[in-house]
Amino acid sequence: MLTGRSRVTTAAIVAALALGGAGRAHAHFVLFLQGEAGAYVENGVKRFTDADGALTASGAPATGVSLSFMTPDYGQWYFLTFAPPAGANLVVGSYPAAMRFAAPGTPGLDVSGNGAGCNTLTGSFVVNEIAFDVMDELRAFSVDFEQHCEGQSAALRGSIRWNVGTAACTAVPDGSPCDDGDACTTGDGCVAG
């Protein structure tokens, strides 16, 4: 579960996701990573959009979501996996006590990139939005996560927004009307994050 310190960092992530969006076309995706000093997979801050490379996403409700990002020169690449506990579907909500190789009843999480990954990890993630079509193909995904490798205290935190949100929600109050492009809903309201 995200802690008080994590909530502050999550607020910084949300603010960073909005930065750079004013005056530009809405990105098909935003991948934001913030690694504390000593976090194995990533140290520092990285922000990528479709202008920086390609992000592919796939998944199904019962197996979870897998995403991969690569820059055109392959100088930056990341793989991210979010899975529900066995026997459950991945839905909007909090997934505490996540592990790389999830035990029964435990959600799965794995973020690796640029040749670095965790052998063992603990963490959590919050699915803000997830949508599948009638064939169970992934159509939209929004998640915030925190990962700790090898029992270390240093965290990698991040956010992904894939096929969600709208440029109309940049720098407007929560609840402002917007259209997220989802044909199944009308009268959407902007929500931070």
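Numbers below:
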| item | result |
| --- | --- |
| Amide H partners (placed H, <5 Å) of Ala86, local residues excluded | Gly105, Thr106 |
| Sparse-neighbour loop sites [GluC sites (Glu not before Pro); the stretch 57-162; at most 13 other C-beta within 10 Å; DSSP] | Glu137, Glu150 |
| Extended-chain gain in nm, criterion 0.36 nm per residue less alpha-carbon gap, Glu150 and Phe101 | 16.4 nm |
| Ser66 accessible area, assembled protein chains, probe 1.4 Å, Å² | 50 |
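The values are calculated or read from the model by the stated rules, or taken from the named source; none is laboratory data. Keep in mind the model is a prediction, meaning the values are calculated, not measured. Please note: Cβ atoms are built from the backbone with ideal geometry, for glycine as well, and neighbour counts cover all protein chains shown. The accessibility values were calculated without ligands, DNA or RNA, using every heavy atom of the protein model including side chains. Shrake-Rupley method; radii C 1.70, N 1.55, O 1.52, S 1.80 Å.
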